[in-house]
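S.K.: This is the structure I have questions about; it appears just below.
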Amino acid sequence: MTDATVNPTLRTTGRMRLLRAGLALLAGAGAAFAHPPFGILPGLLGYALMLVLADGSPNRRAAFWMGWLAGFAYFLVGCWWVAEAFLVNPAQAWMAPFAAALLPMGMGLFWGLALATYRNLEVQGVRRVLAFAALFALVEWLRGHVLTGFPWNPAGASWQAGSAPSQVAALVGVYGLGFLTVAGFAALGPLMMPGDRKARAGKAALGIVLILALHIWGGFRLTGAQVEMTPTVIRIVQADVDQQSKWTPDAYRSIVNRYVNLTGRPGARVPDVIVWPEGALPNTANAVLAPDAWEAAALRNVLQPGQILLMGMSRAEPDASTEVGARFYNSLLAVRQSGEGGLEVTGIYDKHRLVPFGEYLPAGALMSRIGVRSLVHVAADFSPGPRPAPLKLEGLPDLQPLICYESLYPGFTRGVGADRPLWIANVSNDAWFGRTSGPVQHLNLAAYRAIETGLPVVRATPTGISALIDPWGRVDPRARLDPGESGVIDTRLPAALSPTLFGRIGDLGFWLLTLGALLIAIGDRFGSLVRRFRR
């Protein structure tokens with residue numbers, strides 16, 4: 001069959017499909033580029049374009065593929081850095097392209113579900129915006145919870161943490177802020193559609209009012225937001241140890257010396273607590289803290305009486321039921337001098353939410369047979385610890401440890417009551433991701449935990465970005481070490497704010513927003529179903 005004999009309608013249909021696919025990819029990529037470090041906020045119009053594409057889809061199957069393509073582009077732009085972790089070990093480098101492609105493909109399914117469900121509702125008028133934003137927000141919540149969840153770059157975190165719009169997370173959390181953000185920008189979608197100009201302008205005006213409201217309320221919250229400092233002095237240590245050279249035996253003594261020297265560096269004030277990052281030393285805490293270990297002797301020489309060292313280390317617990325005779329944990333240990341001149345561990349937090357493929361293998365037996373293993377440098381996968389709870393240490397305000405990936409999860413820090421901590425210690429090993437966008441986005445996501453809870457966050461990483469984050473999610477540029485920098489941050493700990501609304505009620509505000517919007521959007525259909533049932 002020649003081109004001359006092809007039905008022109010079929011050619012047009014094929015071109016339209018390609019155009020719509022290209023627009024879907026553009027919409028997802030645009031929304032991704034709104035996130036740090038890019039900060040191209042007009043990219044949020046991608047949500048408006050997604051609404052237009054869903055409305056223009058002939059059926060829910062077509063809408064699903066529009067959502068999937070948009071999601072694929074969004075997570076490819078936002079998460080391409082995961083491939084960097086697999087390049088650290090040359091034996092695992094073959095997995096890098098699969099990780100970079102399969103993660104966006106899997107996460108895109110959630111967006112496909114949102115657009116397909118929306119298309120199936122066939123709502124009209126301004127209610128279509130409410131339905132679209134509510135369904136999208138609900139699916140984003142699912143993405144953060146299903147199969148332990150992957151809440152990287154939710155829509156609400158498009159705003160730079162510490163900015164005026166980001167402050168709304170103190171009321172409804174980052175998922176609630178995501179609903180409001182998507183609703184505000186999706187309301188501009190009707191401007192791209194045919195129909196009554198006045199009606200379309202009215203919907204767009206409502207969206208603009210909502211976006212302005214986020215800025216106004218957040219600006220009001222930041223008015224007079226002065227940081228009050230406590231007497232507690234914190235030292236954050238960043239030794240600039242890259243992941244690739246970390247595991248060579250020749251480098252080990254040098255790495256230990258870097259951390260020890262930075263820990264004991266003279267400063268204007270003697271720190272009460274020193275914070276090392278996750279996996280600071282390429283050895284287990286059992287070996288490093290053994291009484292006859294040279295590393296323990298070096299630490300005894302630099303720690304001052306009464307000082308507490310929070311060190312991110314792997315540790316082992318004997319367990320004869322396992323193949324290797326032990327269970328391994330990714331932990332944060334509180335260490336200080338003992339009365340006998342040695343070292344004692346006064347508190348331990350074991351990471352609860354582990355990274356799939358990084359710290360454990362889902363379907364481990366099957367994965368091992370095809371040559372896949374986790375990235376951990378211990379004899380077996382890590383085991384999860386109990387659900388996060390505050391760590392109470394003598395002489396320090398109560399703290400909530402969050403190790404790396406855990407800082408992505410809203411609700412892991414208690415917001416009210418006697419068990420409410422007064423600060424968050426977030427230790428992470430972002431060295432896995434080099435100088436990519438990953439560490440910048442991770443800092444932004446961790447800062448949202450400060451906004452949601454009203455608690456300061458002390459963040460330590462081996463290669464950056466280490467920082468002190470105030471309770472409004474702002475990073476003081478004088479208390480920040482960027483990628484490639486080695487040094488310490490000496491600062492007093494900011495005081496916690498009063499519990500936020502999100503800290504008091506958690507995701508309840510999010511559920512009221514989204515389910516309320518959905519009920520308004522489909523209320524007439526819901527009412528008819530109820531009446532039919534009563535008959």
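S.K.: Quick check on packing: order 142-148, 450-456, 308-314 by the mean number of other C-beta atoms within 10 Å, highest mean leading.
M.R.: Ranking the peptides 142-148, 450-456, 308-314 by packing returns 450-456, 308-314, 142-148.
S.K.: Which value in deg cm²/dmol, rounded to the nearest 500, describes the helix-derived mean residue ellipticity at 222 nm for the chain, given -39,500 (n - 2.57) per DSSP H run of n ≥ 4 and division by the residue count?
M.R.: Theoretical 222 nm ellipticity from helices: -14000 deg cm²/dmol.
S.K.: Continuing with this model, one more query. In sequence order, what are the phi-derived ³J(HN,Hα) couplings for the stretch 429-441 according to the Karplus relation 6.51 cos²θ - 1.76 cosθ + 1.60 with θ = phi - 60°, rounded to whole Hz, with x for glycine and proline?
M.R.: Going residue by residue, I get 10, 6, 4, 4, 10, x, 9, 9, 6, x, x, 5, 5 Hz, with x marking Gly and Pro.
S.K.: Charges at C-beta only: +1 for Lys and Arg, -1 for Asp and Glu. How large is the resulting dipole of the stretch 309-366 about its Cα centre, in Debye rounded to 20?
M.R.: 220 debye
S.K.: Using amide H atoms built in the peptide plane, which far-off residues or other-chain residues are under 5 Å from L343 H to H?
M.R.: When sequence neighbours closer than 5 places are left aside, the close amide H contacts are S338.
S.K.: While we're here: Please give me the summed charge of the neighbours of G503: other residues whose Cβ is under 9 Å from its Cβ, Lys and Arg +1, Asp and Glu -1.
M.R.: +2
S.K.: Pull up the cross-link candidates among the lysines for K351, meaning alpha carbon to alpha carbon under 26 Å and not fewer than 8 places away within one chain.
M.R.: Cross-link targets: K246, K392.
S.K.: Further, regarding this structure: Could you list which residues have their amide H under 5 Å from that of A326, counting only those 5 or more apart in sequence or on another chain, with H placed in the peptide plane?
M.R.: Under 5 Å from the amide H of A326: D319.
S.K.: Sorted by average packing, counted as other Cβ atoms within 10 angstrom per residue and highest first, what order do 321-327, 483-489, 421-427 take?
M.R.: Packing proxy ranking, top to bottom: 421-427, 483-489, 321-327.
S.K.: Let me ask something else. Quick one: which residues, 5+ away or cross-chain, put their amide H under 5 Å from the amide H of D476? H built at 1.01 Å from N.
M.R.: Close amide H contacts, sequence-distant or interchain: L468, D470.
S.K.: For the peptides 156-168, 228-240, what is the packing order when you average, over each peptide's residues, the other Cβ atoms within 10 Å and list the highest mean first?
M.R.: So the peptides 156-168, 228-240, ranked by packing, come out 156-168, 228-240.
S.K.: Continuing with this model, one more query. How many angstrom lie between the Cα centre of the stretch 174-199 and the Cα centre of the stretch 36-75?
M.R.: 13 Å
S.K.: R336: net charge of surrounding residues, Cβ under 11 Å, Lys/Arg +1, Asp/Glu -1, itself excluded?
M.R.: Net charge in that neighbourhood comes out at -2.
S.K.: I would also like to ask the following. Whole-Å semi-axes of the stretch 229-494's equivalent ellipsoid, largest first, each the root of 5 times a Cα gyration tensor eigenvalue?
M.R.: Value: 26, 22, 19 Å, ordered largest first.
S.K.: Take the stretch 423-496, drop everything but the C-alpha atoms, weight them equally and run the Debye formula without solvent; then report log10 I(q)/I(0) at 0.14, 0.20 Å⁻¹ to two decimals.
M.R.: -0.37, -0.76
S.K.: At q = 0.12, 0.14, 0.20 Å⁻¹, what is the base-10 log of I(q)/I(0) for the stretch 95-195 according to the Debye formula with one equal point scatterer per Cα and no solvent? Please give it to two decimals.
M.R.: -0.46, -0.62, -1.07
S.K.: So, one more: From the phi angles alone, apply the Karplus equation (6.51, -1.76, 1.60; θ = phi - 60°) to the stretch 265-279 and give each ³J(HN,Hα) in whole Hz, x where the residue is Gly or Pro.
M.R.: Per-residue couplings from phi come out as 4, x, x, 5, 9, 7, x, 7, 9, 10, 10, 9, x, 4, x Hz.
S.K.: While we're looking at this one, here's another question. Just need the relative contact order of the chain here, percent rounded to a whole number, with Cα pairs under 8 Å and 6+ apart.
M.R.: 16 percent.
No lab work stands behind these numbers, since they all come straight from the coordinates. Model, not experiment: these values are computed from the prediction. Please note: Cβ atoms are built from the backbone with ideal geometry, for glycine as well, and neighbour counts cover all protein chains shown.
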